[in-house]
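These notes are about the structure you will find just below.
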Amino acid sequence: MDASKINWFLAIACLLAGIGLGALGYYLLNSSASSLQKLRQRLAERDRELAALRDGMDDHLGDVSRLVAALQRDSEALASRLSQDARRLGAKGTPPAALVGIASEAPTEGVSEAPAMPRDYADGTGGTLSEDFGLKDDEDSKAPQPPRY
C-alpha cells in the first residue's frame, strides 16, 4: 500500500470514530435533558392540580360558612318560636325559664378555662413533696438538725 492511501484510510477512520463519539456524547447528554423536561412537565401538572384543589377548597369553605350561618338563623328562629309558643300556651303568660334561656342565650365559641399549670412544690405542709413527708414526729428524740444554706 501506498503512504497516501494509508493517510486517507487513517483520516476516514478518525472521522468515523469522531462521529461515533459525538453521537454517543449527544445521546448521553440528551437523555438527562429529556428526563429534565419530563420532570418539568410533571411539576407543571402538579401545580395545576394544586391550584384546582385550592379553588375547590375555597368553594367548599364558602359553602360550609353559608350553611353554618343558615343553621344559626334557623336555630334562633326556632328558639324564638318556642318562646312565643310557650308564652301563648303558658297558664300565667310567662314562658318556662329553660325556654327563655335558650332564646336569649348567645352561642359561645367553646370558651373554657385552661387547666392549672403543674407545679413542682406542695401546697401547705401535708403534701408528698414537703420536707417532712414520711418523718415521724417524736418529741423525745429531737436530734439537732444540720444548718440550712
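Nothing in this text is a laboratory measurement; each read-out follows from the coordinates by a stated rule. Remember, it's a predicted structure, so these values are computed and weren't measured experimentally.
The table below gives the values:
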read-out: For segment 9-104, projected area of the alpha-carbon convex hull averaged over all directions, nm²; value: 8.9 nm²
read-out: Phi-based couplings in Hz for segment 67-80 (Karplus 6.51, -1.76, 1.60; Gly and Pro marked x); value: 5, 5, 5, 5, 5, 5, 4, 5, 5, 5, 5, 5, 5, 5
